[in-house]
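I have placed the structure first, in the form of structure tokens, so that the comments after it can refer back to it.
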Amino acid sequence: MTSTVHHRRCVFPGCGVPFDPPPEPLAHEGHLFCGSHRIGGQAFLQRGWSLDLLVHWPSCRWCGTLLNQKRYEHYIEQGFEPGQYVYCDAHAIIEGRDPELVARRGLDDAEALADIDERRLVRFPQRWLHRLAGPLVPGRVTYVGGFSGGGKTVAVTNWIWHWVQVDGLKVHYLPTEGSVAEVMTRFACFKAEADPDEALSFRYRDAEAAGDAVAQVKREEIKLAMEFLRRDTHFLRHLRIDPTEELTPRSFDAAVEATRLMGSDLLVVDHCDHTEADADDFHPDIVISNQVQMRALRAAKRLGIPVLLMTQLNSRFAGASQDPTVKLRPPSADWLYNKGKKEMVGAQIIGLHRVMDPRADSKMVRRARDREIELWRICMPNVMGASAMKFRFGIGTARSTVLLDYTEGRLSDMQQDALDPPAPPPTMPSRESRGDTDWMHN
């Protein structure tokens, strides 16, 4: 219904100025506000709110002052509803920092975290490692560190294979240290139950050329596995491999955005120390590295997923130049490469290392310390140690270590009494079969 209104006072709170409406007939509601307040008032009405609510005009929660029109329109744009926490211009800085409001929101988030869906917790497939570290939790960053050649890529590709193929998770993987071809070769070897290192080093090929029938069969099985994975839509849809060779703050932001668009359950970077400045950024390397670490933490919180960052350990900080055998001991968080903010950002930091054989001859150990022989001569074969370098929430104990078997490139649990003297042969447990290869005949 339309009518001509000849004279009226503005009903906007605190105004009451008399005004003459335009002469043409307009909807009655169009003449409730003067020219200064028409935009804010009509925005109020367009939201379907009753005029009675204007009597209860929002006032600053901190000082009680009625909001001005500009501040009012700010809350209109933000979807303000009566009864929410609002603040005047003088106290706008408190918005989002109100102690009571922060505590209330924190309790809501804490309740949601406590009741988080089990499927969003990413668990390590090795029982002893999971018992030490616990799950990867959405909103948190986990670091896994190791010296060069210490097994970081072996570990992370084993975990990704399990998370994708067994747990059905969507993983976004940035292998900054290796090529996509090398990564896919490892996955094909996992499928074919072949040794990835033998394949990538071309030792299988050399052995086949020398007449080794086993090597020939392994190479054929790996090729069949590659063809199988090429047709495995589940695998291809759940694993996104991003060929990023160097991490700059902008390229990392792009990777985070790709993670969001894919709806990934986990972001993995191997490793996060390949950082470079953007073209127009001249900050030193440590500052660039810190920027990437903080971006990882913000991404974990914003996307609500875990972020796993593989990182290097610094031989110089560890004192390996004086005593190379320190690489065979449980590492310390102080050995992190470009430590910077990593210890602050990481909710948990796990260290991987080769394990010294406790039965190694003392003369051999001394010769390894003096660099007269290679370190592998005093190591336990096919054994990887995983140590708790830092756990923010008290999981495990300082420098506690579990042992993992990585025979033929596959990581698995091993008896935790492996450092004890071997039992008599009749009582030694037999190794379980790793499964069949019926998939090759389908």
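The values are calculated or read from the model by the stated rules, or taken from the named source; none is laboratory data. Source: prediction; values computed, not measured. Here the Cβ is made from the backbone with ideal geometry for all residues, glycine too, and neighbour counts use every protein chain on show. Note: accessible area is taken over every heavy atom of the protein model, side chains too, but ligands, DNA and RNA are not part of it. Shrake-Rupley method; radii C 1.70, N 1.55, O 1.52, S 1.80 Å.
Some observations on this one:
- Structural descriptor for region 240-331: relative contact order 31 percent, calculated from alpha carbon pairs under 8 angstrom and at least 6 residues apart.
- Each part reduced to its alpha carbon centroid, region 317-388 and region 76-149 end up 35 Å apart.
- Within the accessible surface of region 314-380, defined with a 1.4 Å probe on protein heavy atoms only, the carbon and sulfur portion equals 47 percent.
- Ligands, DNA and RNA are left out, and with a 1.4 angstrom probe the accessible area of region 96-183 is 46 Å² per residue.
- Alpha-carbon geometry of region 188-235: the Rg and the Dmax are 11.2, 38 Å, given in that order.
- For region 230-239, backbone phi angles converted through the Karplus equation (6.51, -1.76, 1.60; θ = phi - 60°) give residue-by-residue couplings of 5, 9, 8, 5, 4, 5, 5, 7, 8, 10 Hz, Gly and Pro being listed as x.
- Contact order relative to length of region 156-311, as percent, for alpha carbon pairs under 8 angstrom and 6 or more apart: 30 percent
- Listed peptides 131-137, 114-120 by packing density, highest first (mean Cβ within 10 Å): 131-137, 114-120
- Gyration tensor verdict on region 92-166 (Cα atoms; rounded if a/c is under 1.5, prolate if a/b is larger than b/c, oblate otherwise): prolate
- Difference of contour (0.36 nm per residue) and Cα-Cα distance, residue 148 to residue 407: 91.3 nm
- Remark: the residue 11-residue 92 segment gains 26.6 nm on full extension, using 0.36 nm per residue and subtracting the alpha carbon distance.
- Taking every alpha-carbon pair under 8 Å whose residues sit at least 6 apart, region 102-184 reaches a relative contact order of 17 percent.
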